[in-house]
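A short write-up of the structure that comes next.
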Amino acid sequence: MSLTLDDFDYPLPPELIAQAPLPERCGSRLLVVDGDELDDRRFSDLPDLVRPGDLLVFNDTRVIHARLYGEKETGGRVEVLIERAVGPHEALAQVRASKSPRSGARLHLADAFDVTVLGRVGEFFHLRFPDSDNLLDLLERHGKLPLPPYIERAADTHDESRYQTVYAREPGSVAAPTAGLHFDQRMLAELAKKGVRGAWLTLHVGAGTFQPVRVNDLGEHRMHRERFVIPKETVDAIAATRAAGGRVIAVGTTSLRALEGAAQDGALEAGAGETELFILPGYRFQVVDALITNFHLPKSTLLMLVSAFAGTETTRRAYAHAIAHSYRFFSYGDAMFVTQRHDAI
């Protein structure tokens, strides 16, 4: 199948882009996509949509204070957005300035410390932070929570809790695994009471998740790398679920991408790794049976992944339905529950 970027475009009224979370995590709407059927539900209905013996796989990454403001040695203003840590004192980052800093330049950040530009790694800058403190500790004290670029306001104290999942525990992401934002502790308890199991993995979401696809021929696109860790307990839980006839349900595209990325060489194995897996229609899923996900940006790799899972035409119909019925889009928006379509194209 020959696909182009325009195959994943759609017109979205800007007023449907959610700028803030709803008062209750479970208060969002849920569009159920099962084959050709679309059903308007509430996220609080999720326990009615899953079955005893199903397994939900959550991404327990925690969003770090990845945005920093400062100035160059010349006095020009600079904004730094960490992509990912590459050591206790080094990171890859996006750097916005009137003129890009050169290798060897020093940036003074947050009126608190200096970093050195070591060079470039693709579109990112390689930065060296002070040896006197751990990188994540520095960011926690001096950085800002990095809301996505389509949220047209600065992060406030409310976002400190609501732009994290209630089960976030492993710091390292610069964007939330947003499907998980809909779960609260009461929902998790209700699912467990029904006999739905939970399992955990960690995939740290990088700033590259917001980078646009810049080629029209999708065969030429190269995904950014993201790190993941899949515990043995999760691999064992997936095997037990399969053996008992239950479904493996990924909570978010990040969980799905980690699982499918870890199974590229055959059987799913526990351990740490990196994935640059680019999922397009025609991809054959090996691990995941159903997906909980938010609505994604036009022309994004995440929309392409959902199209591969549900079918391109089904996804187009679902998005058109969501727009016609004023669903809320993107990170703080509503969700979908999608069953994998094995004849998806």
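Since every read-out is calculated from the coordinates, none of them should be taken as a lab result. Remember, it's a predicted structure, so these values are computed and weren't measured experimentally. Heads up, the Cβs are rebuilt from the backbone with ideal geometry, glycines too, and the neighbour counts pull from every protein chain shown.
Can you check how the C-alpha radius of gyration of the chain compares to 2.2 N^0.38 Å, as a plain ratio?
Here the Cα radius of gyration is 1.00 times the empirical estimate.
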Fill in the blank from the handout: Taking Lys and Arg as +1 and Asp and Glu as -1, residues besides ALA262 with C-beta under 11 Å from its C-beta add up to -3
Practice task
Express in whole angstrom the spacing between the alpha-carbon centres of segment 93-120 and segment 161-215.
Solution key: 31 Å
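Segment 239-345: which trypsin sites (Lys or Arg not before Pro) are DSSP loop and have at most 12 other beta-carbon atoms within 10 angstrom?
Here the sparse-neighbourhood loop sites are ARG284.
Pairs of alpha-carbon atoms within less than 8 angstrom and 6+ residues apart define the contacts here; what relative contact order does the chain have, in percent?
Details: 747 pairs, mean separation 84.1, N = 345.
Over the chain, the number comes to 24 percent.
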Fill in the blank from the handout: When the charge dipole of segment 124-194 is computed with +1 at the Cβ of Lys and Arg and -1 at the Cβ of Asp and Glu, the Cα pointing farthest to the positive end, of TYR163, PRO130, PRO146, is that of TYR163
Handout entry: Magnitude of the charge dipole, segment 67-144, Cβ model with Lys/Arg +1 and Asp/Glu -1, debye to 20
Key = 360 debye
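Once you've got the Cα coordinates, tell me which of LYS194/LYS299; LYS194/LYS232; LYS193/LYS232; LYS99/LYS299; LYS144/LYS194 are over 31 Å apart.
LYS194/LYS299; LYS144/LYS194
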Problem - Among beta bridges that DSSP assigns inside segment 67-144, antiparallel share in %, nearest 5 - result: 100 percent
Problem - Over the chain: helical MRE at 222 nm, DSSP H runs n ≥ 4 each giving -39500 (n - 2.57), nearest 500 - result: -6000 deg cm²/dmol
Fill in the blank from the handout: Nearest-0.05 FRET efficiency for THR4 and SER100 at R0 = 41 Å, using Cβ-Cβ distance, is 0.85
Completion exercise
Rounded to the nearest 10, the angle in degrees between the Cα long axis of helix 312-324 and the longest principal axis of the Cα atoms of the chain comes to 80 degrees
Handout entry: Dipole magnitude (debye, nearest 20) for the chain, charges at Cβ of Lys, Arg, Asp, Glu
Key = 300 debye
Fill in the blank from the handout: Of all stretches in the chain that avoid GluC sites (Glu not before Pro) placed in a DSSP loop and having at most 16 other Cβ atoms within 10 Å, the longest is 153-268
Handout entry: Per residue Cα convex hull volume in Å³ - calculated over segment 285-345
Key = 80 Å³
